[in-house]
Amino acid sequence: MTKLAYLPDRGVIRVTGEDRVAFLQGLVSNDVTAVAPGHAVWAAFLTPQGKWLADFFVVADGDTLLLDCERAQVPMLLPRLSRYRLRMKVVLGAEDAMRVHVAWDGTPHADAGIVVPDPRLAGFAWRVLATAVLPATATETDWHRYRLTRGVPDGSRDLESDKTVLLEAGFDELNGISWTKGCYMGQELTARTRYRGLLKRRLVPVSVDGVLPDPGTPVLRNGTEVGTMRSGQDRQGLAVLRLDSLDGPLECGGARLTPRIPDWMDLPEKAKAG
């Protein structure tokens, strides 16, 4: 049976106006022109220096673009995005009536609301936006357990504002970056990290043997700090780790961590060899 969970910590921003696509195109990491009915785009909004501030799914709803984002970030995103409107014909606002759901292990009914595949991994999940809370067959906890098994990050649970670089968090492999769309805010660091091979750490899934460490707990290898714990559920989690630390025993807050590299993750050959 298809699992459907309501995500109360997700909110929606409405973007309208004839310049809505061009407006977002110059600000986010992915190609907004690819957004169409039944096809969403996952994109990041960066600082001018190229560090992560937020990410969201861009979904088409007639002449409106909907940004499926973290509810707690809506008060930050609205003024930050609005300052770049200049003379463009675009209007932004919170879509308070919309409720965000996620479905997996099957396909949700098409009449559930606005239903689009999660673009990060083929067959991974569906995003469902509706004007009411739908009857759930799973919980938000079930959803986080599922995404952690696949090593998929979830916004500020796993990324750090004004610190995380997109390639560290798998945005390239998870279809969150367009390398051909042209300039956007923060593009320079993202491109430089890729073409100069500057990546030294990655957000990777880990198995946890022991009590689940709190987010931000240092990860140690032979007593030396090599990363930090991010989100987790039960005996699974995500941790930011140095690439040269993936082949040894790791400890975090008294627990033992074992990196699990998913098939979709593209690591340097020396890290894979470890």
Legend entry - Single residue of 93, 106, 50 found to be in a loop (DSSP other than H, G, I, E, B) and surrounded by fewer than 18 Cβ atoms within 10 Å (Cβ to Cβ): 106
Legend entry - Given (1) free of Cβ contacts under 8 Å to residues at least 40 places away in the same chain; (2) surrounded by fewer than 15 Cβ atoms within 10 Å (Cβ to Cβ), index of the condition residue 217 fails: (2)
Inset, instruction - Identify, by number, the condition in (1) farther than 25 Å from residue 125 by Cα; (2) in contact with a helix residue (DSSP H, G or I) (Cβ under 8 Å, 6 or more places away or on another chain); (3) small (Gly, Ala, Ser) that residue 22 doesn't meet. - result: (2)
Legend entry - Search result, residues across the range 85-102 that are in contact with a helix residue (DSSP H, G or I) (Cβ under 8 Å, 6 or more places away or on another chain) and at pLDDT 95 or above: 88, 90, 92, 93, 94, 101, 102
Inset, instruction - Kindly establish whether residue 28 is surrounded by 19 or more Cβ atoms within 10 Å (Cβ to Cβ) and touching a Lys or Arg at 6+ places or on another chain (Cβ under 7 Å). - result: no
Inset, instruction - Find the residue count for the range 145-203, including only residues that are hydroxyl-bearing (Ser, Thr, Tyr) and crowded, with 17+ Cβ neighbours inside 10 Å. - result: 7
Inset, instruction - Within the range 239-257, identify whether any single residue is surrounded by 14 or more Cβ atoms within 10 Å (Cβ to Cβ), touching a Gly at 6+ places or on another chain (Cβ under 7 Å) and within 14 Å of residue 152 (Cα to Cα), and answer yes or no. - result: yes
Inset, instruction - Say whether the condition of being of a type outside the set (A, V, I, L, M) and crowded, with 16+ Cβ neighbours inside 10 Å is met by at least one residue in the range 76-86. - result: no
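Residues checked against (1) touching a strand residue (DSSP E or B) at 6+ places or on another chain (Cβ under 9 Å); (2) of a type in the set (A, V, I, L, M, F, W, C); (3) over 19 Å from residue 54 (Cβ atoms):
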{"residue": "142", "(1), (2), (3)": "yes, no, yes"}
{"residue": "148", "(1), (2), (3)": "yes, yes, yes"}
{"residue": "156", "(1), (2), (3)": "yes, no, no"}
{"residue": "159", "(1), (2), (3)": "yes, yes, no"}
{"residue": "169", "(1), (2), (3)": "yes, yes, no"}
{"residue": "177", "(1), (2), (3)": "yes, yes, no"}
Legend entry - Wholly within the range 188-274, strands (runs of 3 or more DSSP E) carrying at least 1 residues that are within 19 Å of residue 150 (Cβ to Cβ): 201-209, 224-233, 236-242, 255-259
Inset, instruction - Consider residue 180 carefully, then state whether it is out of contact with any Ser or Thr (no Cβ under 9 Å at 6 or more places or on another chain), part of a helix (DSSP H, G or I) and on the phi < 0 side of the Ramachandran plot. - result: no
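The values are calculated or read from the model by the stated rules, or taken from the named source; none is laboratory data. Source: prediction; values computed, not measured. As a convention, Cβ positions derive from the backbone with ideal geometry for all residues, glycine included, and neighbour counts pool all protein chains shown.
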